[in-house]
Every structure is written in structure tokens, then in C-alpha cells.
Amino acid sequence: MKVTLSDQLLLSVQKPARYIGGEVNSVQKDLKDIHTRFCFCFPDVYDVGMCHLGLQIIYHDLNSYKGVYCERSFAPWPDMEALMRKQQIPLYSLETFTPLKEFDFIGFTLQYEMSYTNILNMLDLAGIPLYSKDRTEDDPLVIAGGPNAYNPEPLADFMDLYYMGEGEVEYEHLFALYKEHREKGGKKRDFLRIAATGPGIYVPSFYEVEYEDHPAAGCDHTPRIRQVRPVFPDVPASVRKVLVRNMDDIEYPTHPIIPYLQIVHDRAVMEIFRGCIRGCRFCNAGMIYRPVRMRSKENILDWVDKVLAATGYDELSLTSLASNDYPGLYELLKTIHERYPHVNVSLPSLRVDAFSLALMEELGEGKKSGLTFAAEAGTQRLRDVINKGITEEEILDGVKLAFQGGWDRVKLYFMLGLPRETEEDVFGISKLASDIVHEWYQLPKEERSRDLTVTVSTSFFVPKPFTPFQWCAQADYDTYMKTQQFLDSKIRNKKVQYRCHDAFLSTLEGLLARGDRRTGDLIYAAWKNGCRFDSWSDMFDEAAWKKSIEETGTELAYYNYRERPEDEVFPWDHIDIGVTKKFLYREFERSKQGIVSPNCREQCLGCGIRLINDTGVCYEKSEEIR
Amino acid sequence: MNKQVIYEKSGRLRFVGHLDFMRTIHRAMRRADIPLSYSQGFNPHPHMSFASPLALGWSGEGEIMEFRTETDISDQEVMDRLSKELPEGIRILSCRTIPDKEPPIMAKIQAAGYQILLPEDRDWSDAVAKFLDRPSIMLKKMGKVRGRKQEIEVEVRPWIYEWKMEDPHTLSLICACGSEQNLKPDLLINELYQQSGELEKLRYAESICRTALYGRKEGKLINYSSPEA
Ligand code: SF4
């Protein structure tokens, strides 16, 4: 079956280009050569999903396999959803307009907690039963991956299987097994038994969660997890992530799909390395993407040539978790700049120092957008607690140079509600901002930028799985808001801007991030109560979420406000990201003592990943980086 | 070198808005390695212009764009290279080199031809004739009166130059199009529905195709969408 959309329909929705497909570099294949059809589902609107590099990587990779066809689908905006429901149009793929229900696999990427209700909504729009247990041979296998999949439990009841790790590694093998199984006449549902024993695959229904007999300390009715164990002997007790050994051995999406619609980041993207050496204690990405693995300069340049030729983009972003940590960044940029003088190159997550300022000057970039400092905490003491290796001196030196270079806008990022935060730390935020303004006044008029705006942005700290702070209590709503008001009252400098925002979303995010199988009921209830696009402030329905928490008896005291004891069995303990729980706890202990940990290039702290992988930063000293 | 390209926009590309469409063409030119010339300055943009934006949902059979190249390139080369890079739904019909001092096409367009498919549940011939044969048609539209935005009434009958019913549901129309006088055919059709008491049709989106763009020489319409013009 093929879905057709009438002109009438397309002309009555906003941005119809979201729904038409057919973009340059999207892939068309002859269906009669295909044995496995996979639909990559991004649980947000097209314009957001298409900015996502992971989508382009998986799409490119899966479509390079013979006999496999990877298509795409996104969450329709509510105006489109309403018309689809009214006209009984099922959710479809953009490549062939095939209803999702007809695919072998549909795969969701889990990028942020507040997209979970969209997943349920997309399944429902596709006419696929929401719960894994209700699906039959007529339904596709529903798989999920991405950074949030490492805590698979909140969505465990809705997923048939999970893919743990980097997408480039195991899918080809998985599909080969699937093909073999199907050719022998095997049933889709029986395939799960085969898949579950392979690398990186987690089938939630093959694991049983046992709870303690009494509520956790300080909680009303929610008991802790006693253990999680497989129900079949051949299913592994713990599922280890799969990862790319050598970044130069894998393909890169050199022909990314070019949306017609202007999307948020409309540019070519080149990933220069994966992982981060820094080990900030609040950061989930810094742990789950370990170890740092570089791409060689030659390969990057070669791919940049190809991407630009295949897209016609005049903007290029070199992405990574921390650009400065790429050895030879300057040479790389210089070469790109010489080859493509008309292409605007940007480096997100660049630390500001003399070197990077010179770099930005050269790129003719940055002045427009202003300088960004992710200081994260207001005092050195608290920055040591969270292991954010940036000092006040570095920041002040950086801004001084920047003001001399003519920059006139500085953005500062902080988190409120960090573990061990005191009033002094919060006050430190306003003090740092004032010190920056002071630095500007200190410079003679003819040496500095003409005016100055310092913008302070704060977010509320949310403890995440697989970080040293996974044991921490999360601040409650009132504490968050009080802290914010306190900061607001302290910021008195006219050149410093600060805007407050509501904290309830952070409470929810924390609840879902560290949720378990029982949290699935809450997500279901929220969807039933009409929640979707929860990460869009104008769509977020606070009342509906509160009602759902009430209805399901979800205890925030248990999920959010409780500091976990050392022996806590986390809902994600049976997932193995290579970084050990022991290491994370050691880091947690060091945070309590305010001890800074060196980064991976300075000294290996034995996080565990080198035991399961033999490449990357852990072996850099013996391995020449080209 | 200045080039003028006549092209067709149809199919799913109809749902790509004008700004997105321009970026699509610009990127295709870069992929095709057309030596586009750019403006100077901090934010250089290509010397590229379009005769008249096409509304969302409409197709165009003789759309016109112009651009300047840094170095010489033959018309055939432009056609060949660009055609390879364009997505389905944009087709190049012709390319020619135009003199440097030629005013931009945008400034020359004064009228456009449309083919409009009306709802097929009735014969529209009489209703259309009755509507268009009148000496005066007033249309409401948003405009500015002494700098303030408000609804104004505009006499548009003189802006309709030719019309004909091709069959009971298909209206061909040539009317004003350009920066000075501009008649949007969808607004005209809405007025037709109102005048013929077909109010429920107001929500219907007719299929509209812009068949050609015209200028005027000595009072006579000349078709710029035909390569011979
Ligand atoms: S094993 Fe050592 S070097 Fe490798 S990622 Fe872990 S801490 Fe860093």
C-alpha cells in the first residue's frame, strides 16, 4: 500500500515540505531487491530531526547494505496529526510513502527524555500496538537506539529490542541474521530469541525485574530493585555496548540528505572525533561515548571534499564534544580554509583562549554570534566538585583578549542545583559576570569593543545515568526556583542579562532519565492525557503531566529526591557501557572531596573502557596520530 | 556573463516555498560547479534573481530566473550540468546569455498567464462568464492607508487582460503580475465563489498553474517564458 496525500491536505498544514520527501540525496531503491525494510523514526518534527547527524550516519550506513532499505519518518506536527487522524492516514515513510506497519523494523532514536511521548504517538498513528506484548506477526519489530537507550527501562515495555552502542557496527550482522531466519520461514517474533544472544542487542522481555519487599527508605510505596536477570539461560546477564574500533575504517555520510525546508542547522557537518577526554562528572555524553577516537586529518579532508561537492552547502560545522582536544586542529582548519575560502567554517564547543581566538579571527567567525563560556558553576570550589577543568583566570584572560579583538557579546552557561552547591556558589555566578564586565571597563576605550552585553544562562542540573552523579539526589522544584530567584536578585549589573525559566521540565527530565520499568506507565498515561512535543515550551502541558504522575502514583521522592546508597541496583545496571560502576563511584567520592581528576591525555584513570577496546585515547601514546 | 534560465516547477516541488526553493537552486548551482558571481562584503550572496515568486501549491510551466557568472560558460553547459543536479520537479527548459545592461527580469514582468482547475462538481462556464464580464470587480485585500495596515478595496477588473474557459472546469486567465499591479488569481477565484453563492468552496484549494510570464512592448503583451521572446 502507498499513502497518498492530497493537495488539499498539504495546503492546509504549516510547512508542507515536512511531509513530501524526495529531497536531494534521499535514497530510492527497487523494492524487489530488498529483503529487510527498516524505517528510521525520529520522535520529533522533521525540521528538528533532520539536523541530527546520527540520522544521516545510520541512513547512509544501512542503505549501503545490499538488500536493506532504510527509510525515514518523523513526528507529524499537531496540525498534520489532526488531519491524518481525521482522514485515517497512517504514519508513513518519506521515501516510498509506505505505512510504517508494513516494515520489518521500525527504529526510534532516543535523544532526549522529553521526546518519549512522541514515540508512543507515532506508534499509535502507525496503527502499531504500543506495548510489545500486544504485537503480532503483522507488526514490525520495534527497535530503539541512541544515547538515551542506555537506560532502556522507561520504554522497555514498548520496545521489542534495543541496540546498545554505535550504529555503524552491528546492524549489518543483525539484518543478515534476520534474512536467514526469515528465509527459513521463521517468524518475526521468534527472531528476538536469536537476536538477544548477539552483540549489543537487548530484548527487554527476556529480562525479569525483581523488587524488594518494602518501600525504599524515605519513600511511601516504591520499593528498590533487588535484581534484574535474564529468563533464558542463553540470554546474557549483561548487554555490552558495541563501538567503532577505528573511526577511519568506517564510512561517513558524504551524501547527506538536503532538506528543502530551512532547518535549524542548515549546513554540512563533519564529525572530527568521537568521545571526550574531559570527564566532567555531570556529563552523560562524556561517559557513554568513551573512549575518544580520532579521525585522521587526511580522512576528514577527503570527506569534507565529498560532502561539499555532494551538497553545495556553503557552511561547514566540524563537530565533536570539545573541538580544542583535536590535535592539529589549526592545520586542519587552515587547509580547509585554503581549499574553500567561501565556505563558512564553525566549531561548536570551542574553549576560548588565545589560540582559539586567533582561530576564530582567521575564520572571520564568532563576532556575530558572540563568545560562549561553559563555566557550569560559579566558583572554583564547585567547578572542582563537578570536574569542569576551566579556571576563573582562563575565563578572564579569554574575555580580555576577546574584548581587544572587538568581541562585544559574551554568553555564560551555568547549572543550578549541582550537588554540594551553596549560596556562595550561586552568588559566584553573578560575581563572575560582573568581573567580566569589570575586565572590559579596565581596558582603555580605544582598545576594547564599543559596547558589551554579558548574558547569563542557567539550566537546572539533572542527574543522569552512567555519570558519577547518578547516585545524587536531584533538587526539588522549590529549591530550583528559590536558587534561581536568589541569583536573579544578585545580578544587578546593567550590562548583564539574565532570564528565569520554569523548573518543572527539569524535574520531569530527571524522573524519566533515571526511571525504570515502572516509569513506562507514567509515559503511557501522559500520552493518553494528550502530552506530545514536550520539549516545545508552547506545547508542554504541565497540568497533564502532573495529573499523570498522580494517576500512576509515581513517587518523585523515589526517583528524583533520593540520594542512592552505594549498593543501589540501578535500572540500567545490566547494560554495560564499558565504563565501570566502580570507576563512576570513585569519581563520585572524589567529587565529595572536591578532588579534580586529570583528563585521559594527562593520565588514565582506569575507567574500564580500555579493557574492552584496543584503540583510541587509551592507547594514544603507543599509537601515532596522523 | 548574465544568464537567463526558463524552467518548470511541478510535482512535490510545489510545496516548497519560495525562499526554500531559491536555496535549493543555489545549492544545485554549487554542486553543478556553475561559476556563480557573488556580492562583496562580509556576507556575500550570489547574483541570482527570480522573475516572480510562485505561491505555495502552484506549479509553473515557464518560470524565469537570472544569474551572473564569474567566468564564461556556454548555455548548453549550464543546462547540462544544472539539469543533473536538480531534484525531480524542477526542469530546465532553456538557457540563454543576455546582454550585461539588460534590466533584470523582475522589473520587466507585468502580467502572468494561469490555468486554474475549479472544483469538478459543476459546470462553471456561465458563472465565470457572468463574473468576469462585469465592468467592475472589487477585491478586499490588506494594504496600507497612510502607513497604517488595514483592509482596503481594490478595483481589479482592468487588470484582467484575457480569459477563456477551456472546458467546464478549466479557466485560462492572463492578468496583472508584478510590483505595481498584481492580481492574485486565488483571491479572484474566492470572489467568484462568493458571487456565485458557493461559500463552502472557499476552503477548496484549486490547482493553479502559472503558464507564462509576460512583459509589454508598445502596449502588446510579450511572452517572456517562450525562449524566442
Ligand atoms: S581507560 Fe583511561 S584513557 Fe581510556 S577512556 Fe578510560 S580513563 Fe580515559
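The values are calculated or read from the model by the stated rules, or taken from the named source; none is laboratory data. These figures come from a predicted structure and were not determined experimentally. We place every Cβ from the backbone using ideal geometry, glycine too, and count neighbours over all the protein chains shown.
Structural remarks
For (1) farther than 29 Å from A:K306 by Cβ; (2) of a type outside the set (D, E); (3) within 9 Å of another protein chain (Cβ to nearest Cβ); (4) under 17 Å from the mean Cα position of the chain (by Cα), each residue gets a yes or a no:
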{"position": "B:Y7", "(1), (2), (3), (4)": "no, yes, no, yes"}
{"position": "B:M22", "(1), (2), (3), (4)": "no, yes, no, yes"}
{"position": "B:A32", "(1), (2), (3), (4)": "no, yes, yes, no"}
{"position": "B:S37", "(1), (2), (3), (4)": "no, yes, no, no"}
{"position": "B:Q40", "(1), (2), (3), (4)": "yes, yes, no, no"}
{"position": "B:H45", "(1), (2), (3), (4)": "no, yes, no, no"}
{"position": "B:F50", "(1), (2), (3), (4)": "yes, yes, no, yes"}
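- Pairs linking a residue in the stretch A:377-394 that is free of Cβ contacts under 8 Å to residues at least 12 places away in the same chain to a residue that is part of a loop (DSSP other than H, G, I, E, B) and small (G, A, S), with Cβ atoms under 6 Å and 6 or more positions apart or on different chains, are A:R383/A:A377.
- Cβ pairs under 9 Å, 6+ apart, first in the stretch A:287-302 and more than 14 Å from chain B (Cβ to nearest Cβ) and away from the ligand (no atom under 16 Å from the Cβ), second outside any helix (DSSP H, G or I) and among the acidic types (D, E): A:R295/A:D248; A:R295/A:E271; A:S296/A:D248; A:E298/A:D248; A:N299/A:D248; A:I300/A:E271
- Residues that are at pLDDT below 90 and among the hydroxyl-bearing types (S, T, Y) are absent from the stretch B:152-169.
To keep it simple, each residue is scored yes or no on (1) buried (at least 18 other Cβ atoms within 10 Å of the Cβ); (2) at pLDDT 95 or above; (3) under 19 Å from the mean Cα position of the chain (by Cα).
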{"site": "A:D234", "(1), (2), (3)": "no, no, no"}
{"site": "A:V244", "(1), (2), (3)": "yes, yes, yes"}
{"site": "A:G286", "(1), (2), (3)": "yes, yes, yes"}
{"site": "A:P291", "(1), (2), (3)": "yes, yes, yes"}
{"site": "A:L301", "(1), (2), (3)": "no, yes, no"}
{"site": "A:L316", "(1), (2), (3)": "yes, no, no"}
{"site": "A:N324", "(1), (2), (3)": "no, no, no"}
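- Hey, A:D61 within 21 Å of the chain's Cα centre (by Cα), outside any helix (DSSP H, G or I) and of a type in the set (D, E) or not: no
- Filtering the stretch A:262-284 to residues that are buried (at least 22 other Cβ atoms within 10 Å of the Cβ) and within 14 Å of another protein chain (Cβ to nearest Cβ) leaves only A:A268.
- Within the stretch A:579-611, the only residue that satisfies the criterion of being of a type in the set (K, R) and more than 16 Å from the ligand (Cβ to nearest atom) is A:K592.
- A:D516 falls short on exactly one of the conditions (1) within 16 Å of the ligand (Cβ to nearest atom); (2) among the acidic types (D, E); (3) modelled with pLDDT of 95 or more, and that condition is (1).
- Residue check: A:F570 meets all listed conditions (1) under 24 Å from the mean Cα position of the chain (by Cα); (2) within 16 Å of the ligand (Cβ to nearest atom) but one, namely (2).
- At least 2 residues being touching a Gly at 6+ places or on another chain (Cβ under 9 Å) is the threshold, and among the strands (runs of 3 or more DSSP E) wholly inside the stretch A:310-406 those reaching it are A:344-346, A:371-376.
- Among (1) modelled with pLDDT of 95 or more; (2) buried (at least 23 other Cβ atoms within 10 Å of the Cβ), the one test that A:K306 misses: (2)
- Per the listing A:D614, A:D576, the residue uniquely within 19 Å of A:G200 (Cβ to Cβ), modelled with pLDDT of 95 or more, more than 10 Å from the ligand (Cβ to nearest atom) and not assigned by TED's automatic domain parsing to the domain that holds A:P147 is A:D576.
- Among the residues of the stretch A:1-35, those identified as surrounded by fewer than 20 Cβ atoms within 10 Å (Cβ to Cβ), more than 7 Å from chain B (Cβ to nearest Cβ) and assigned to a helix (DSSP H, G or I) are A:L9, A:L31, A:K32, A:D33.
- Residue within the stretch B:29-43 that is closer than 30 Å to B:L183 by Cα and not hydroxyl-bearing (S, T, Y) present: no
- Residue check for A:C41: of a type outside the set (A, V, I, L, M), under 27 Å from the mean Cα position of the chain (by Cα), closer than 27 Å to A:V462 by Cβ and surrounded by fewer than 19 Cβ atoms within 10 Å (Cβ to Cβ): no
- Filter result for A:E563 (in contact with a Cys (Cβ under 9 Å, 6 or more places away or on another chain), assigned to a loop (DSSP other than H, G, I, E, B), more than 10 Å from the ligand (Cβ to nearest atom) and assigned by TED's automatic domain parsing to the domain that holds A:P419): yes
- Whenever a residue of the stretch A:127-151 is among the acidic types (D, E), its partners that are not in a loop (DSSP other than H, G, I, E, B), lying with C-beta atoms within less than 7 angstrom and at least six residues away or across chains, give the pairs A:E137/A:K188; A:E137/A:R189; A:D139/A:K101.
- Filtering the stretch B:52-83 to residues that are within 13 Å of chain A (Cβ to nearest Cβ), touching a strand residue (DSSP E or B) at 6+ places or on another chain (Cβ under 9 Å) and not charged (D, E, K, R) leaves B:A55, B:G57, B:W58, B:S59, B:L82.
- Count of the stretch A:586-622 residues which are surrounded by fewer than 13 Cβ atoms within 10 Å (Cβ to Cβ), among the hydrophobic types (A, V, I, L, M, F, W, C) and in a loop (DSSP other than H, G, I, E, B): 1
- Residues within the stretch B:84-104 that are under 21 Å from the mean Cα position of the chain (by Cα), within 14 Å of another protein chain (Cβ to nearest Cβ) and within 17 Å of B:M48 (Cβ to Cβ), tallied: 2
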